[in-house]
1. Counting only residues that are open to solvent by 50 Å² or more (accessible area, probe 1.4 Å) and at pLDDT 90 or above, give me the helices (runs of 4 or more DSSP H) lying completely in the range 697-754 with at least 3 of them.
2. Listed residues Leu148, Leu167, Leu210, Leu223; which is at pLDDT below 85 and touching an Asp or Glu at 6+ places or on another chain (Cβ under 9 Å)?
3. Do we have Thr849 as assigned to a helix (DSSP H, G or I), out of contact with any helix residue (DSSP H, G or I) (no Cβ under 9 Å at 6 or more places or on another chain), surrounded by fewer than 18 Cβ atoms within 10 Å (Cβ to Cβ) and among the hydroxyl-bearing types (Ser, Thr, Tyr) here?
4. Scan the range 785-839 for residues that are under 39 Å from the mean Cα position of the chain (by Cα) and outside any helix (DSSP H, G or I) and jot them down.
5. Suppose we filter the range 730-764 for residues that are hydrophobic (A, V, I, L, M, F, W, C) and touching a His at 6+ places or on another chain (Cβ under 6 Å); how many remain?
6. Quick check on the range 122-145: of everything there that is at pLDDT 85 or above and closer than 19 Å to Leu182 by Cβ, which residue is surrounded by the most Cβ atoms within 10 Å (Cβ to Cβ)?
7. Picking from Val301, Val291, Val311, which residue would you name as being modelled with pLDDT of 90 or more and part of a loop (DSSP other than H, G, I, E, B)?
8. Could you tell me which numbered condition Gln549 fails, if it satisfies all but one of (1) open to solvent by less than 10 Å² (accessible area, probe 1.4 Å); (2) not in a helix (DSSP H, G or I)?
Amino acid sequence: ARPIFMDMLEHLQALADDRSVMTTHTPLSMDSGEIANILTGKNSADDNIPASILHLVRICRAVEAPPQFLEIIGNILVGRSPADTSSGNTIELRSIAAFIVRAFLECTREVDIVVIALDDVHHMDEMSWKVVQMMFEHGMKIMILCALRPVVDANHLMIDPDFWQDLHERGLSTERFFDLCLKPMQKAQISQLVSFILGHDESEIDPKVLNDVFIQSGGMPHLATEILENIRRNKLVKQGDNGKLTYSSQNSSPLKSKGTMVDFGNVTELVLHRMDGLSPEVRPHLYLGAVLGSAFELMEVVVVLEKYRKVKDADRHDHAKSIHESLDAAVNEGILEEFYETPEYDDDRGLGSSFSFDDQTIQSNSSSSFAAVNHPYESYNRTYRFSHDMWRSNILTLMLGEWKRKMHELIAQTMEAFLGSSHQNDYRTLTKLFFHWKGSGNGVKSAGVALRIGKRLGDIGLANQSIHVYNEALDLWKDEKDQDCDDRISGLSYSMLQTLDPPSVDAIIQLLVALGKSLLECKRKEDAFKAHESAVNIFRRTPASLGMQDKSVLYPAIVQLFTGIKRRHNDEPKEHNYERDLVDLFLNESKRDRRRVHYCRAMVMQAEMLGRNGQFAQAIEKQIEVSKKYDILRDSDEMVEMYEFDYVAQSYSLCSLWYMQRNNVIKASECCENVIERVLPMMKPDNVNNLFMILYPVIWTLMSMQMYQHAKESFDDFVTMNFEKHCDERSELPWLDVLDPIMTIFDLCENPGRCEKYIQWALDGENGRFSEEINFVLGELGRTPDSITAEICLLLAQHVANHENRRSLIEKGLKICTESKKFTGGRPGMIVAFRQIERVNIQLEQLATIFGLDDS
């Protein structure tokens, strides 16, 4: 499905690049946003809109195209990059998947029946499966045929487990789903195949021939066909004395399977037999084609061999012609198939793959050829494909490993030399490049490409696929002989780690850090922790790490481990020691690197560790120390780029909480004013997430000093107004749902009489309840969102007139307090948050006693 969507975009891009089309049909005076408004119906003035745009309008409205997609279309139509969206919001893949299904159903609604045939679906990613699922659930006249290798359960597929279960339960019972197992052909069926290919009735063929073909092929139709073609091509059968078709010689070859007279003992011998029949010039070209992939271009073979053979410029045309003729000979033998027009998507793996880059599944991506560039023979370029994967897989087994690795290296080098800027980040081109660097055994090069692929996939929401990519790259350093070894780090043996050079250590650490990030995005926190822990352990235990040029690649792993330890809620001394060791490692390495931003981040981490453990005086001292080294105007952008937030700026806010815990209200107030008057104005206003995370501790410090108006105005100035200006409901901000409770508590503290407008919201079920994740993140900044809801219940209960509403509010508030105290109590980093919820709990209990509700 994804290649179909990309086809749509590429087709529109081609139209946009055609000046005549642009001049005639496209309103160049409009920007992409205006076109998006037309497509969504926000602008209905159709007078000056070309007919082609109006037709697109009708289609987009009919299929409810996502707004971001419409803006992409607008950018393409005005000749800009599809990524230049004005909203700054990335399109969600799930909405694209739903859009693809709606568009497909809309386009095929007049058809009597639609058949969708998908091969090798065990390579599909979860979003492609999602498209298939939605087709199944919403399509009315669709037959979907999926071919895959046998699987034990859905864990081997990237399919929704609930959908898989539903298919095998409700789908089977309603006869909307059929699970068929295609077994090898029976002897009678093979006999019919023999009869068809040899052109004789079964009764006219010697039973021994029929039996031999069945035994040798194992009932596999393609292998049986190749056997029979070989028999016919080499005239191995003749009319016998009894009138039946029999072997022409009882001793035609010494290569016979036991009990058969077929001319070879196995598939490899069949391939060898056919290869021996080819001229010596053909074989190396077939070998290189097999290394290139299941499909490859003539010019790819030509350019790589030119480099390998050091062909002179004057001989390039004749050299290419000889390769062309030799590959045509393989076509005549039925080994290859030829395409004169390059298929748009030879790469049927695409994003629909599980990114298992092995010799059997890699495909050529001819649509982004690196080869046919200014070559005297390029007009003859065409695509070849192995007629069956049996040929390619067996040819690969015949090749010497060293020659194969050399060819992979040459191909990768040639790709990089010819790679245009338009393909630098194309995932299909990068997939091929990774496959060849991996095949060459170059781990550092493979890792570099894998990191680019993984980032591309992560950026569009395919974190699961990026995990596969990173693991594939890490496999290069794993030796099967070491798998039983106990002394391993993330599957890498300690003995192997001792042999690494600094670039390899750097590459492995970067892969593990990226792997950990993707695992976190997939909510696999424990696996992410292990990946980051492995990165740190490899750095510590590998001698070559001392020679790494840039040790900052390790720092994200340290930061994530620090965060992971905080969330474990573990007070064991071992855990505290590990936390201190991480902080010391970060401090020492960043200090040696002499990179101020990293060292300041490490110092803030140390201050945070002290504050989390109640050592507020030491935490304040450390924050004062870091503030002397850090220049917000100079360093903030780099800090945000490296670590997502300006943690040093945030430490000023945390300092206000630490001063309040030491009952130093004056210093706490000075910290708040410093943040509001000096720190926040230097932050970028469009980075609302950063503004919120810096200001959050300050507003609760101000609220605890009963400076409600000041807190509200500061929040409005830096968060609310910038959110309305730069964000919308599509923005992916983890604290978005906390905005309303914060604004509510501001309002109730200033205007208690307005309680009626909030009562229904507070009483309604789970309103104001938040996930453990957001409670943890914001709880460490002074207050859990759940505790805000509990205080809203308290403020409302203090002023509501209705007795039953008061009872319900108190009960809900006390329930939240009980759960929040359990969540924050005794947890390092939650000391301030615990005291906040304890204060609310005490007041709710007092209120319950006053109104006689304590027994309830």
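1. Details: elements: 708-715, 721-726, 739-750.
Answer list for the range 697-754: 708-715.
2. Going through Leu148, Leu167, Leu210, Leu223 in turn, just one is at pLDDT below 85 and touching an Asp or Glu at 6+ places or on another chain (Cβ under 9 Å): Leu148.
3. It is true that Thr849 is assigned to a helix (DSSP H, G or I), out of contact with any helix residue (DSSP H, G or I) (no Cβ under 9 Å at 6 or more places or on another chain), surrounded by fewer than 18 Cβ atoms within 10 Å (Cβ to Cβ) and among the hydroxyl-bearing types (Ser, Thr, Tyr).
4. If the condition is that a residue be under 39 Å from the mean Cα position of the chain (by Cα) and outside any helix (DSSP H, G or I), then Gly825, Gly826, Arg827, Pro828, Gly829, Met830 are the ones that fit.
5. Keep residues of the range 730-764 that are hydrophobic (A, V, I, L, M, F, W, C), which gives 733, 735-736, 738-739, 742-743, 745-746, 748-749, 755, 759, 761-763.
Adding the requirement that they be touching a His at 6+ places or on another chain (Cβ under 6 Å) leaves 755.
Final tally of qualifying residues: 1.
6. Among them, the one singled out is Ile144.
7. Values: Val301 fails: part of a loop (DSSP other than H, G, I, E, B); Val291 fails: part of a loop (DSSP other than H, G, I, E, B).
Within the list Val301, Val291, Val311, the selection yields Val311.
8. (1)
The values are calculated or read from the model by the stated rules, or taken from the named source; none is laboratory data. Every value quoted in this text rests on a predicted model; they were computed, and no experiment measured them. A quick note on method: Cβ atoms are made from the backbone with ideal geometry, for glycine too, and the neighbour counts reach across all protein chains shown. Note: areas computed on protein heavy atoms with side chains; ligands, DNA, RNA excluded. Shrake-Rupley method; radii C 1.70, N 1.55, O 1.52, S 1.80 Å.
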